[in-house]
1. How big is the charge dipole of region 1-40 about its Cα centre, in debye rounded to the nearest 20, if each Lys and Arg gets +1 on its Cβ and each Asp and Glu gets -1 on its Cβ?
2. Hey, what D do you get for region 75-184 in µm²/s if you plug the Kirkwood alpha-carbon radius into Stokes-Einstein at 4 °C and 1.567 mPa s?
3. Calculate the spin-label point distance for Gln129 paired with Ser100, positioning each point 7 Å from the Cα along the beta-carbon direction, and give it in nanometres.
4. Give the separation of the Cα centroids, region 90-108 to region 111-135, in Å.
5. Just from its helices, what would the mean residue ellipticity at 222 nm be for the chain, if runs of 4 or more DSSP H residues each count -39500 (n - 2.57) and the sum is divided by every residue, rounded to the nearest 500 deg cm²/dmol?
6. Which one of Val77, Val20, Ile181 is farthest out on the positive end of the charge dipole of the chain, using unit charges on Cβ (Lys, Arg +1; Asp, Glu -1) and the Cα centre as origin?
7. How much accessible surface does Glu87 have with a 1.4 Å probe, in Å² rounded to 10?
8. Would you pull out the residues with amide H under 5 Å of Gly144's amide H, same chain only if 5 or more places away, H placed 1.01 Å from N?
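The values are calculated or read from the model by the stated rules, or taken from the named source; none is laboratory data. This one's a predicted model, so the numbers in the text were calculated from it and none came from an experiment. Every residue, glycine as well, gets a Cβ built from its backbone with ideal geometry; the counts of neighbours run over all protein chains shown. Keep in mind that these areas ignore ligands, DNA and RNA; they rest on the heavy atoms of the full protein, side chains included. Shrake-Rupley method; radii C 1.70, N 1.55, O 1.52, S 1.80 Å.
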Amino acid sequence: MKLSEYVELACVTESVVGDVEGMNGRLLHGLIGMCTESGEVLDALKRNMYYGKELDTVNLLEEVGDLCWYMAIIIDVLDLDFAKHVEDSKIYNDELESRSLLSIAAELNAVCGGNLVTMTTQGQPHLIQPLFFLVDELVIELDGKWEEICEKNIAKLKARYGEKFDAHKAINRDTDAEREILEA
């Protein structure tokens with residue numbers, strides 16, 4: 001999949017609502033989603049560290065795909081270029097030393113939360129590129145590839161919804177079928 005196509009494909013499965021409490025509903029959805037998905041990454045790490053559960057990299061890459069989906073919504077709202085932000089992140093992260101998944105996930109969670117606070121108190125968030133930098137770090141540490149992650153994310157969502165969002169299907173998911181897609 002070309003990253004230039006991803007935003008359009010992601011938006012097909014978006015649940016669109018109007019403005020919420022005077023804020024852009026789509027942007028708010030994207031930021032809340034980023035917070036919850038970054039929390040899911042942290043939860044997977046917690047289960048590994050504290051409960052002795054094997055680290056499920058397929059699930060972690062699926063969560064990264066979900067982060068990409070929410071970033072696609074944010075990018076669409078702000079009329080920015082998803083592929084350019086990914087490329088800028090790759091260039092930026094080429095210069096960085098590797099660090100732990102926990103460190104990356106914790107910082108991502110903080111940035112997502114900070115953006116949400118900014119959105120709800122002062123208007124539009126201003127920290128879009130750091131989201132991409134941090135997700136790229138997760139991609140690197142999980143030995144993933146943006147294109148593959150985005151492609152699997154769209155395939156999972158098509159299996160779940162078909163061609164457009166459906167609230168009933170969002171609640172009644174076939175997680176076994178989705179897992180098969182992610183493991184392929």
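1. It works out to roughly 80 debye.
2. Numbers: Rh = 16.0 Å.
D = 81 µm²/s.
3. 2.9 nm
4. Measuring centre to centre over Cα atoms gives 17 Å.
5. -24500 deg cm²/dmol
6. The one lying farthest along the dipole's positive direction is Val20.
7. 80 Å²
8. Hits under the 5 Å cutoff: none.
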